[in-house]
Amino acid sequence: MLYLVPTPIGNLKDITFRAIEILKSVDRILAEDTRVTKKLLNHYNIEKPLVSYHTHNEHKTTDNIISILSTGEDIALVSDAGTPGISDPGFLLIKACHAQGIKVVSLPGASASITAIAGSGLPSNRFHFEGFLPHKKGRKKRWEFLSGYPYSIIVYESPYRIIKLLTEICEVLGEQHPVTVAREISKVYEEIEVKSCIEHLEKYKAKQKIKGEFVVVIGPKTV
């Protein structure tokens, strides 16, 4: 069977006992970046064959992995951080497993999006997970959709484009629109701040260098 195993998004302690047990029991592990996964496995004294499975090779390797699973092997799929398939590789393989009658077991665990909105101070009873916006093509159309969405919106962003994202939020929804910026979740320099969009923008424009991975929660218009 195929196990979907969430991995820590920062703090290596944020992994379940069950996840460690599964990683120790499977025949091999599919990893987005084997170097990153190796550090996690070493930390928990897990020795298993690692196979590279990422965005650039998933179309070519999925059929081969299905063949291996069909022989009776158990395989774990992990991403660099968080839950596989959520803005990370996995969908094609998971879909193929279901089509071939191969059992898929999805373990609960770390997710940056859920962690961020839970601590955002913004309405979380209903929300839209956008993930990464298109860098260029299609970005305007996505903002046209998001501008009319009545609930909180979760967006992932890199330190290189956070200013662009905040600028667009100010332009589309207004400078005073409530936004929570979560940076480096579960890590040493974690920040979760709810402010107006313009306050966030001014803060990051003033920085000489921006570091960390970002989860931005955009509040609904009714807040």
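Suppose every Lys and Arg Cβ carries +1 and every Asp and Glu Cβ carries -1, with no other charges. What dipole size does the range 1-75 come out with about its Cα centre, to the nearest 20 debye?
Computed about the Cα centre, the dipole is about 280 debye.
Residue farthest toward the positive end of the dipole of the chain, with Cβ of Lys/Arg at +1 and Asp/Glu at -1: which of ALA112, VAL78, THR55?
THR55
In the Gaussian network model of the chain, springs joining C-alpha atoms below 10 Å, which of ILE68, ILE198, ILE162 carries the largest mean-square fluctuation?
ILE68
Assign unit charges at the C-beta atoms only (+1 for Lys and Arg, -1 for Asp and Glu), then state the dipole size of the range 44-169 relative to its Cα centre in Debye, rounded to the nearest 20. Before the final figure, lay out each step's value.
Details: 13 positive and 11 negative charges, 131 e Å.
Computed about the Cα centre, the dipole is about 640 debye.
Looking only at Cα atoms, what is the convex hull volume of the range 60-134 per residue, in Å³?
Normalising the Cα hull of the range 60-134 by residue number yields 131 Å³.
Between LYS207 and LYS140, what is the label-to-label distance in nm when each label sits 7 Å out along the Cα-to-Cβ direction?
3.0
Report for the chain the percent antiparallel among DSSP-assigned beta bridges with both residues inside it, nearest 5. Please list the in-between numbers first.
On the way: 17 of 35 bridges.
Taking every DSSP beta bridge with both residues in the chain, the antiparallel ones total about 50 percent.
Taking a 26 Å limit on the Cα-Cα distance, which of the listed pairs LYS103/LYS137; LYS60/LYS211; LYS60/LYS187; LYS141/LYS221; LYS48/LYS103; LYS141/LYS207 fall beyond it? If you can, show how the numbers build up before the last one.
Values: LYS103/LYS137 37 Å; LYS60/LYS211 34 Å; LYS60/LYS187 35 Å; LYS141/LYS221 19 Å; LYS48/LYS103 21 Å; LYS141/LYS207 30 Å.
In this structure, LYS103/LYS137; LYS60/LYS211; LYS60/LYS187; LYS141/LYS207 exceed 26 Å between Cα atoms.
For the chain, modelled as a GNM with alpha-carbon contacts under 10 angstrom, which of GLN100, GLN208, GLN176 fluctuates the most?
Of the options given, GLN208 has the highest mean-square fluctuation.
With a 10 Å Cβ neighbour count serving as the proxy for reagent exposure, in which order, fewest first, do TYR189, TYR44, TYR149 appear? Write out the running numbers ahead of the final one.
Values: TYR189 9, TYR44 12, TYR149 15.
Neighbour counts put them in this order, fewest first: TYR189, TYR44, TYR149.
Considering the options ASN64, LEU41, ILE94, tell which one lies farthest towards the positive end of the dipole of the range 2-106, charges being +1 on Lys and Arg and -1 on Asp and Glu at the Cβ, about the Cα centre.
After comparing all options, I get LEU41.
Kindly work out what percent of the DSSP beta bridges joining two residues of the range 1-96 are antiparallel, to the nearest 5.
On the way: 1 of 11 bridges.
Bridges in the range 1-96 are about 10 percent antiparallel.
Work out which trypsin sites (Lys or Arg not before Pro) in the chain are exposed loop sites (DSSP not H, G, I, E or B, at most 11 other Cβ within 10 Å) and give the longest gap free of them.
Working: sites that count: LYS13, LYS103, ARG126, LYS136, LYS137, LYS207, LYS209, LYS211.
No qualifying site falls inside 14-102, the longest such stretch.
Let's see if you can work this out: charge +1 on each Lys and Arg Cβ, -1 on each Asp and Glu Cβ, no other charges. What is the dipole magnitude of the chain about its Cα centre, in debye to the nearest 20?
Details: 29 positive and 25 negative charges, 90 e Å.
Value, rounded to 20: 420 debye.
Please give the calculated 222 nm ellipticity per residue for the chain, where each DSSP H segment of at least 4 residues contributes -39500 (n - 2.57) and the sum is spread over every residue; nearest 500 deg cm²/dmol?
On the way: 8 runs with 77 residues, N = 223.
Calculated from helices alone, the mean residue ellipticity at 222 nm is -10000 deg cm²/dmol.
For the chain, what does the relative contact order come out to in percent, with C-alpha contacts under 8 Å and a separation of six or more?
Values: 398 pairs, mean separation 48.3, N = 223.
The value is 22 percent.
Bear in mind that the values in this text are calculations on the coordinates, not laboratory data. Every value quoted in this text rests on a predicted model; they were computed, and no experiment measured them. Using ideal geometry, Cβ is built from the backbone for each residue, glycine included, and neighbour counts are taken over all protein chains shown.
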